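This report refers to the structure that appears directly beneath it.
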């Protein structure tokens with residue numbers, strides 16, 4: 001069974017600064033997907049970024065980028081130029097590469113507060 | 001395009017009762033997955049339906065069941081409710097198919113069991 005661990009329950013960052021959220025995972029699979037999801041106070045979960053394990057290049061989506069270290073089973077999210085709208089719970093998630101990867105295993109989340 | 005809708009948004013039940021939650025996917029989406037979110041256990045996968053068939057299942061007791069209709073709408077049912085079933089129930093829908101497709105989440109149904 002896969003496990004996902006987020007060791008930072010809460011983090012705070014000032015507007016325009018950069019913050020990094022940590023995530024480690026455990027799996028015996030060689031190919032898989034990793035995701036970061038954002039859940040704002042309104043509770044609708046949104047996909048932030050996706051990484052396929054077979055790709056060595058780190059995924060980037062505008063201000064969001066990841067540092068994927070497959071050997072270390074580490075998958076951190078960097079948010080650059082933080083904005084007030086980034087305030088949310090952030091969940092790291094794992095999905096097997098088999099099938100449609102519809103079954104997500106989530107970490108416990110990191111609550112990020114962006115302040116003025 | 002309309003997003004994923006879940007009804008009802010809030011529900012209060014008492015122990016022993018049963019409850020049915022509904023999820024209407026984005027038009028064209030054929031896969032519907034259900035998750036339970038609680039402060040103690042976090043987000044846990046319940047099951048996934050695709051083309052009216054359960055394709056994936058999590059580790060929940062048989063009191064939790066689901067189904068999918070021909071229009072891809074899905075319902076989940078919880079029988080003999082327990083206090084621990086109080087949670088936010090999220091559904092996520094995707095196009096399905098043979099490879100990864102982004103899952104879009106609904107706003108959730110907040111179930112309180114008294």
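The values are calculated or read from the model by the stated rules, or taken from the named source; none is laboratory data. Note that the coordinates shown come from a computational prediction; the quantities given were computed from them, not determined experimentally. Glycine gets a Cβ as well: all are built from the backbone with ideal geometry, and neighbour counts include every protein chain shown.
So here's what we get for this one:
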{"quantity": "Cβ-Cβ under 6 Å pairs, at least 6 apart or on other chains, the range B:43-68 side without any contact (Cβ under 8 Å) to a residue 24 or more places away in the chain, far side assigned to a loop (DSSP other than H, G, I, E, B) and surrounded by fewer than 16 Cβ atoms within 10 Å (Cβ to Cβ)", "calculated": "B:63/B:79; B:63/B:80"}
{"quantity": "Number of the exception - residue B:71 against (1) facing chain A (nearest Cβ under 7 Å); (2) farther than 19 Å from residue A:35 by Cβ", "calculated": "(1)"}
{"quantity": "Members of the range A:87-116 found to be free of Cβ contacts under 8 Å to residues at least 40 places away in the same chain and under 14 Å from residue A:49 (Cα atoms), listed by number", "calculated": "none"}
{"quantity": "Of residues in the range B:15-31 being modelled with pLDDT of 95 or more and not in a loop (DSSP other than H, G, I, E, B), the one farthest from residue B:74 (Cα to Cα)", "calculated": "B:19"}
{"quantity": "Failed criterion for residue B:96 (all others in (1) in a loop (DSSP other than H, G, I, E, B); (2) surrounded by fewer than 17 Cβ atoms within 10 Å (Cβ to Cβ) hold)", "calculated": "(2)"}
{"quantity": "Odd one out for residue A:1, checked against (1) farther than 23 Å from residue B:107 by Cα; (2) more than 13 Å from chain B (Cβ to nearest Cβ)", "calculated": "(2)"}
{"quantity": "Residue in the range B:99-114 that is nearest to residue B:52 (Cα to Cα), counting only those that are surrounded by fewer than 15 Cβ atoms within 10 Å (Cβ to Cβ) and away from every other protein chain (no Cβ under 13 Å)", "calculated": "B:112"}
{"quantity": "The range B:1-14 - residue that is assigned to a loop (DSSP other than H, G, I, E, B) and modelled with pLDDT of 95 or more and, of those, surrounded by the most Cβ atoms within 10 Å (Cβ to Cβ)", "calculated": "B:4"}
